[in-house]
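The values are calculated or read from the model by the stated rules, or taken from the named source; none is laboratory data. Bear in mind the structure is a predicted one, so any value in this text is a computation, not a measurement. Because the Cβ atoms are built from the backbone with ideal geometry, glycine has one as well, and the counts that use them run over all protein chains shown. The protein model used for the area step is the full one, side chains on, heavy atoms only, and it has no ligands, DNA or RNA in it. Shrake-Rupley method; radii C 1.70, N 1.55, O 1.52, S 1.80 Å.
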Amino acid sequence: MTESVLPGDGNPLGTAFGGRIAQWIDIAGAIACQRHCRHRVVTASMDELHFLRPIRVGMIVELRSQVNAAYRTSMEAGVRIESENPITGERQHVCTAYLTFVAQDADGRPVAVPPLVLETDEDRRRNFDADDRRATRLAHRKVRKERLLAEQKKK
């Protein structure tokens, strides 16, 4: 996915709003997952988002997305974001994001997704790393759920 950072996408410092980049990341990840499962998908989570460099107004942003792992009804997409100076062609890696999407049927219920075919060593590495990130996400979800239950008991 390619976008141009227009003045309306930027802040008074002349850099892109992080929220606008997050929006583009969400769209790019959703497209990759929807193409994989051929169902509508909804965003379940986005991992931490750390910008390595600012993206200036006037730059071109390229977002490359792929499905790293497919589980029962969810998928992890990885999105690599690069900025490009349209005059010089210089490109810089700006950030990488990982998102989880859930496939849904027409009634909004989770639906099974097809397994991911891992063809290369790079595909297998991405899948292995995705499994580690998923374990961390699930552990964090368990802690959040326990805290919520504890808060409800206090009431």
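In region 118-132, which residue that is within 19 Å of Leu99 (Cβ to Cβ) and among the basic types (Lys, Arg) is least open to solvent (accessible area, probe 1.4 Å)?
Residue satisfying both the conditions and the ranking: Arg126.
Looking only at region 37-63, filter to residues that are within 15 Å of the chain's Cα centre (by Cα), touching a residue at least 60 places away in the same chain (Cβ under 8 Å) and under 28 Å from Val111 (Cβ atoms); which one of those is least open to solvent (accessible area, probe 1.4 Å)?
Leu63
Which ones in region 79-111 are hydrophobic (A, V, I, L, M, F, W, C) and surrounded by 13 or more Cβ atoms within 10 Å (Cβ to Cβ)?
Val79, Ile81, Val94, Cys95, Ala97, Leu99, Phe101, Val102, Ala103, Val111
Within region 1-20, how many residues turn out to be in a helix (DSSP H, G or I), out of contact with any Phe, Trp or Tyr (no Cβ under 8 Å at 6 or more places or on another chain) and open to solvent by less than 90 Å² (accessible area, probe 1.4 Å)?
3
Might you check whether a residue that is in contact (Cβ under 8 Å) with a residue 60 or more places away in the chain, in contact with a Phe, Trp or Tyr (Cβ under 8 Å, 6 or more places away or on another chain) and not small (Gly, Ala, Ser) occurs anywhere in region 113-126?
Yes, the conditions are met somewhere in region 113-126.
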